[in-house]
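Peer 1: Below is one structure. I have some questions about it.
What follows draws every value from the coordinates through simple rules; no lab data is involved. Computed from a predicted model, the values in this text were never measured in an experiment. Counting neighbours? That spans all protein chains shown, and the Cβs are built from the backbone with ideal geometry, glycine included.
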Amino acid sequence: MARLTYAAGLKAALVASGLVLAATPALADVKAGVDAWSRGDHALAVKEWMGPAANGDPDAQFNLGQAHKLGRGVPQDIKRAEAWYRKAAENGHIKAADTLGLLLFQDGRKADAVPFLQASAERGDPRAQYIMGIAHFNGDVVGKDWVRAYALMSRASASGLEQATRGLGTMDGMIPLEQRQLGVSLAGELEQRAKAAQSQQFAAADLGVNATPTAPIRSAQTNAAIQSTDLPPSTTNGPRLASGPVTAGADFANPVVMTPPKRIPVPAATPPKPVAIAVAKPASVTPPAAKGNWRVQLGAFGVKSNADGLWAKVRNRPEIAGHNRIDLPSGSVTRVLAGGYTSQADANKACLALKSGGFTCLVVQP
């Protein structure tokens, strides 16, 4: 029976996850602790956080978890770190809940880790998506579900997690095409849910209320932060939520946002006097129709307007322009593909470019 293993490289990523310290504006002691940490006075930082943490402040509790995890200002003690992370998570600290899930998984307590990892994956954390993708592929603790496994691994890979990209390649050789196609469609839905969850969390953080009433998890308000003991303090203010590719503790290649060139205004010329001559109508310039058997599947949709909306976004991209749209009904959904690629290499190149642009795709041949 085919199985995927959790990459050894992920363990190092979990251990080396970036340090983020939080300070609530209303509690000066928490802010003072972050300032002390920034100066390298870890013992004073821990002292400043103890009082607020004992009174239930989730930022101070999370910061103490980080200090015990790293052994800064206090002896390194993973058990104490876990206890502080758990207290902070129970008080609604999102980053603490994410870290706790990864810590439990690393310690081999998979069943305890799953609820935290599932919530993290739903919020778009690629490390959690990677772990849950393998779990669903193997039926490890959770039910075996290859469609969901492929969707989760696709999202983690699109975020730049190298282990997920390798895992996705392995799944391509094991999961039947039909299930991979459904996985591509589900990946799009998961992305939309994650964006909606992040928007809700940001709004809740701005209002100072919990993002989800049924599970009291809120974003920490950060006025000062340190991303690692070896990096300078961050000057980022506001909720510290993942709004783009997450590095999972390593320097992965993140997409570069290209700034379009500024348009240079052209001065209007004086209109010439009309001349009675015949002017040939300019021919519309359209890319030549591509011919080939390879196709790139862009998604599977139950609502036609969603399919049309996606095609409108990609049809003028260079890797799609000139390729015809193909709609293939499959049960209650319709698969949307771009056809006419002359080789698998050309189709793979187009799909890779689409993924770099934030789209999901799958190379197929009829």
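Peer 1: Return the FRET efficiency for the residue pair Glu178, Gln118: r is the Cβ-Cβ distance, R0 is 25 Å, and the value is rounded to the nearest 0.05.
Peer 2: 0.50
Peer 1: When ranked by the protection proxy of mean other Cβ atoms within 10 Å per residue, highest first, what sequence do the peptides 116-126, 346-356 form?
Peer 2: 116-126, 346-356
Peer 1: On to the next question. Go ahead and collect, in residue order, the members of the range 115-156 whose backbone nitrogen is under 18 Å from a label point 7 Å along the Cα-Cβ direction of Ala196.
Peer 2: Under 18 Å, as judged by backbone N against the label point of Ala196, lie 119-125, 152 of the range 115-156.
Peer 1: Taking amide H positions as placed 1.01 Å from N in the peptide plane, with prolines and chain starts having none, which residues 5 or more places from Thr334, or on another chain, fall under 5 Å of its amide H?
Peer 2: Phe301, Gly302
Peer 1: What does the charge dipole of the range 63-113 about its Cα centre add up to, to the nearest 20 debye, if the Cβ of each Lys and Arg holds +1 and the Cβ of each Asp and Glu holds -1?
Peer 2: Details: 9 positive and 6 negative charges, 20 e Å.
Charge dipole, the range 63-113, about its Cα centre: 100 debye, nearest 20.
Peer 1: Going by average Cβ neighbours within 10 Å, how do the peptides 326-339, 128-141 rank, with the highest at the top?
Peer 2: 128-141, 326-339
Peer 1: Continuing with the same structure: If the cut-off is a Cα-Cα distance under 15 Å, which aspartates and glutamates reach Lys355, setting aside same-chain residues fewer than 8 apart in sequence?
Peer 2: Leaving aside aspartates and glutamates fewer than 8 places away in the same chain, those within reach of Lys355 are Glu162, Glu191, Glu319, Asp346.
Peer 1: What aspartates and glutamates sit close enough to Lys31 to cross-link, taking a C-alpha to C-alpha distance under 13 Å and skipping anything fewer than 8 places away on the same chain?
Peer 2: In chain and number order, the partners are Glu48, Asp57, Asp59.
Peer 1: Still on this structure, please answer the following. Could you state the orientation-averaged shadow area of the convex hull built on the Cα atoms of the range 9-207, in nm² to one decimal?
Peer 2: Averaged projected hull area, Cα only: 11.3 nm².
Peer 1: Under 15 Å from the Cα of Lys195, which aspartates and glutamates turn up, not counting those fewer than eight places away in the same chain?
Peer 2: Glu122, Asp125
Peer 1: Hey, can you rank 87-99, 57-69 by average C-beta count inside 10 Å, highest first?
Peer 2: Details: 87-99: 24.2, 57-69: 26.8.
The peptides rank, most packed first, as 57-69, 87-99.
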